[in-house]
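The values are calculated or read from the model by the stated rules, or taken from the named source; none is laboratory data. Computed from a predicted model, the values in this text were never measured in an experiment. Neighbour counts are summed over all protein chains in view; Cβ atoms, including those assigned to glycine, are modelled from backbone coordinates with ideal geometry. When the accessible area is computed, the model is the full protein with side chains, heavy atoms only, and any ligands, DNA or RNA have been set aside. Shrake-Rupley method; radii C 1.70, N 1.55, O 1.52, S 1.80 Å.
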Amino acid sequence: MPKATPKVVLSSSAKPKQQHQTRRFYWKGYHTTKWRKRRKTYLEQHPSCVKCAEKDIETPAVVVDHIIPIQDGCDPWDETNWQGLCVPCDASKRGKTKRNNKG
Ligand SMILES: [Zn+2]
């Protein structure tokens, strides 16, 4: 009697992982400890959102944003290319790249 039982692989739960391609770029460096440390230090040194500061509003920065996007070829670790943003400012930057000049 062969002891081997046939392995039946149920693939019913296998979903195609294909999602429609978004143009959003995700830098792997965000997952590194190095980034977290650098980010934390940067936010300690730049505690206010730069976008809000332009409007004379003081909002704590919680996001380190790359002024020139990484996908455009900038050095992700270059702090001169960083800016501290609050969540709404970061979201609006991501949401609409179109600049609306009012005022
Ligand atoms: Zn802001």
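What's the number of the condition His46 fails, among (1) open to solvent by less than 60 Å² (accessible area, probe 1.4 Å); (2) modelled with pLDDT of 95 or more; (3) within 13 Å of the ligand (Cβ to nearest atom)?
(1)
Would you check which residues across region 54-97 are open to solvent by 60 Å² or more (accessible area, probe 1.4 Å), hydroxyl-bearing (Ser, Thr, Tyr) and modelled with pLDDT under 95 and list them?
Matches in region 54-97: Thr97 only.
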